[in-house]
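Structure record follows, encoded as structure tokens.
Coordinate-derived values only; no laboratory data. Keep in mind that what you see is a predicted model, and the values were worked out from it rather than measured. Backbone-built Cβ (ideal geometry, glycine too); neighbour counts: all protein chains shown.
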Amino acid sequence: MFSRREVLSKIAAAALVGPLGLEAAQHVHEAAAETAKATGGVYKPKALTQHEFDTLKKLCELIVPGASQGGAADFIDLLSSQNPEMMAIYTGGLAWVDQEMKRTSETSFLAAKAEQQTALLDKLAFRRNSTQELAPGIRFFDWVRKMTVDAYYTSPVGIKELGYKGNQGMAEFKVPQEAIDYAVKRSGL
């Protein structure tokens with residue numbers, strides 16, 4: 001039997017390779033909720049400083065509105081606390097975001113105006129914008145965007161937003177007529 005720490009460590013290692021399965025992600029959400037419950041109902045960062053965590057939370061919210069309700073930053077911080085490589089990605093990436101904002105707007109990402117935050121993220125969202133200066137930020141933004149989406153849409157709030165009701169039995173399966181028409185047209189019948 002594995003301890004919770006060992007399971008989270010294995011999940012964090014898997015997250016470095018690709019998207020997490022729903023079961024693994026839900027385990028992380030449950031562990032983050034337990035951690036918050038143990039500290040009075042508010043999640044306290046385990047890997048990141050408070051400033052880094054607040055910056056991550058803001059980034060997550062800009063990427064997926066409502067991500068805070070789904071505990072996206074908690075999810076990422078908890079996994080980062082279990083894997084030094086992931087922690088380095090996030091601490092380094094968040095420092096880069098703050099440095100770039102200070103370079104362009106003379107303020108931290110959190111203190112910047114909404115337009116300044118969005119302008120930076122617009123540059124980071126597309127690889128075609130890559131320059132030697134922006135490349136590290138683009139790589140980090142790719143990480144934070146994927147992890148935010150994974151975290152939010154595997155949370156109870158995100159699953160509800162999707163309208164997923166789980167596997168359900170069907171008395172009858174009916175193919176929509178437009179799908180049949182399309183398949184017949186494509187097949188040349």
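Consider a paramagnetic label point 7 Å from the Cα of K102 along Cα→Cβ; state which residues of the stretch 51-80 have an amide N under 17 Å from it.
51-56
Only Cα pairs under 8 Å and at least 6 apart count here; give the relative contact order of the chain as a rounded whole percent.
24
Strictly greater than 23 Å: what percent of every Cα pair in the chain meets that?
In whole percent, the share of Cα-Cα pairs in the chain beyond 23 Å is 50.
Per residue, how big is the convex hull around the C-alpha atoms of the stretch 84-189? Give it to me in cubic angstrom, could you?
220
Of the peptides 84-93, 156-165, 70-79, how do they stack up when ordered by the mean number of other Cβ atoms within 10 Å, highest first?
70-79, 84-93, 156-165
Add -39500 (n - 2.57) for each DSSP H run of 4 or more in the chain, then divide by its residues: what number comes out at 222 nm, to the nearest 500 deg cm²/dmol?
Using -39500 (n - 2.57) per qualifying helix, the result is -21000 deg cm²/dmol.
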